[in-house]
1. So if each residue of separation counts as 0.36 nm, and I subtract the Cα-Cα distance between residue 53 and residue 19, what length gain in nm does that give?
2. About its Cα centre, how strong a charge dipole does the chain have in debye, to the nearest 20, once Lys and Arg get +1 and Asp and Glu get -1 at the Cβ?
3. With everything on Cα atoms, drop me the angle between helix 38-68 and the longest principal axis of the chain, reported from 0 to 90° to the nearest 10.
4. Quick check: pseudo-label points 7 Å beyond the Cα along Cα→Cβ at residue 62 and residue 12, how many nm apart are they?
5. Could you give the angle, 0 to 90 degrees to the nearest 10, between helix 3-30's Cα long axis and the longest principal axis of the Cα atoms of the chain?
6. Under a crude label model (7 Å from the Cα following the beta-carbon direction), how far is residue 34 from residue 3 in nanometres?
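Just so it is clear, none of the values below were taken in a lab; they were calculated from the coordinates. Only a predicted model underlies this, so the values are computations on that prediction, with no experimental measurement involved. Note that we place each Cβ from the backbone using ideal geometry, even for glycine, and neighbour counts take in every protein chain shown.
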Amino acid sequence: MSLEELEAKVRKLSMRATNAKMNLHDLAEELPVDWQRIPEVAAETHQVFKDLEDARNALKAARNAAEEA
């Protein structure tokens, strides 16, 4: 994957992470309504932030490799 593609992936995941964070926040504010959705929303948020961290690490590694080349 090129640097540009990795940067675009990080931007996209960052937007998804912000949205997931807001969904989790909104769910928390509405408690006890929809309390059953806590595991689902938390798992989605966790996965998006994990994906974002992985993409950021890949981008960092790619930038370091490009600098060394």
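1. Working: separation 34, 0.36 × 34 = 12.24 nm, distance 1.57 nm.
Fully extending the segment from residue 53 to residue 19 adds 10.7 nm.
2. Values: 10 positive and 14 negative charges, 29 e Å.
That gives a dipole near 140 debye.
3. On a 0 to 90 degree scale, this one is about 10.
4. So the two model labels end up 1.1 nm from each other.
5. 10
6. 4.1
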